[in-house]
Structures are given as structure tokens and as C-alpha cells.
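The values are calculated or read from the model by the stated rules, or taken from the named source; none is laboratory data. Treat the numbers as computed from the prediction; the structure is a model and nothing was measured. Note that each Cβ is placed from the backbone with ideal geometry, even for glycine, and that neighbours are counted across all protein chains shown.
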Amino acid sequence: MSLDIMKAECEVVAKKILPVLRAKVAQSLSRDYGLQQHEISKKLGVTQAAVSFYLSKSRGSNTSIIRKFPEINASAKLISAALYKNAKEKKIKDLLCQLCKKIKNKKAFKAMMK
């Protein structure tokens, strides 16, 4: 049995979707709310260097993922607004879970699982 057969949906989301979402959230927090990199890093729980990569589009800029899953953009806006307003962790997790459920039901995601 190869490891591809054992690939879990959550693993694919973590490797392919979350970096794009984090990049979009970081970009929104910077552009829409004027936060500095160190402030964004605290809100996202990542290093300032990671935020720098997200903002420069060196990381998380997979345009094919955005084309396949355009709902990432809307979710990024909601998540960045919630983070900016210091929403409770449960609210952020709920938004993330809603996005994940939408994505996992799409044909494009099912094709990624093959």
C-alpha cells in the first residue's frame, strides 16, 4: 500500500489550502487593516518571516488553488475581519471549518485526493 492511498483529506487541506488561506488573510490584514508584519504574525500564530513571505507572494500564492476554490477569498476576508476584531478562537475555527467543508465537497478537491 502506498502512502498516496493513505492520504487524508485534512492532510491535503493543510498542505495545499491552508498556505493559500494564510497568505490571503495576511494580505488582507496588511492591506485592509493596516497591520504591520509583527502584528499579523501574532494574530496568525506564525513567524514574522512567514508573514513576509505571504505578503511578498513567495509563499501561499498558488493561483490554481484560488481558481479551483474561489471561496478562499471570501473566507479570508471573514477570517481577517474576525482576527482584526480579536474574535474568540472558536469563531475563527468555525469559519475555517465552514471553508473546509465547502472545499471538501467540490469535484476539484476530490480530484486532488486521487
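Looking at the structure I just gave you, is K57 exposed (fewer than 14 other Cβ atoms within 10 Å of the Cβ) and touching a residue at least 24 places away in the same chain (Cβ under 8 Å)?
yes
Are there any pairs with C-beta distances below 9 angstrom linking a residue in segment 103-114 that is more than 17 Å from L18 (Cα to Cα) to a residue that is of a type in the set (K, R) and part of a helix (DSSP H, G or I), with the two at least 6 apart or on different chains, and if so which?
A111/K68
Just one of the numbered conditions (1) within 13 Å of V25 (Cα to Cα); (2) among the aliphatic types (A, V, I, L, M); (3) touching a residue at least 12 places away in the same chain (Cβ under 8 Å) is not true of A74; which one?
The number of the failed condition is (3).
For K15, are the conditions met, namely being out of contact with any Cys (no Cβ under 8 Å at 6 or more places or on another chain) and at pLDDT below 95?
Details: out of contact with any Cys (no Cβ under 8 Å at 6 or more places or on another chain): yes; at pLDDT below 95: yes.
Yes: the conditions hold for K15.
Any idea how many residues of segment 15-43 are surrounded by fewer than 20 Cβ atoms within 10 Å (Cβ to Cβ) and of a type in the set (A, V, I, L, M, F, W, C)?
Result for segment 15-43: 1.
Could you go through segment 73-90 and let me know if any residue there is small (G, A, S), surrounded by 15 or more Cβ atoms within 10 Å (Cβ to Cβ), touching a Lys or Arg at 6+ places or on another chain (Cβ under 7 Å) and part of a helix (DSSP H, G or I).
So far as segment 73-90 goes, yes, one or more of its residues are small (G, A, S), surrounded by 15 or more Cβ atoms within 10 Å (Cβ to Cβ), touching a Lys or Arg at 6+ places or on another chain (Cβ under 7 Å) and part of a helix (DSSP H, G or I).
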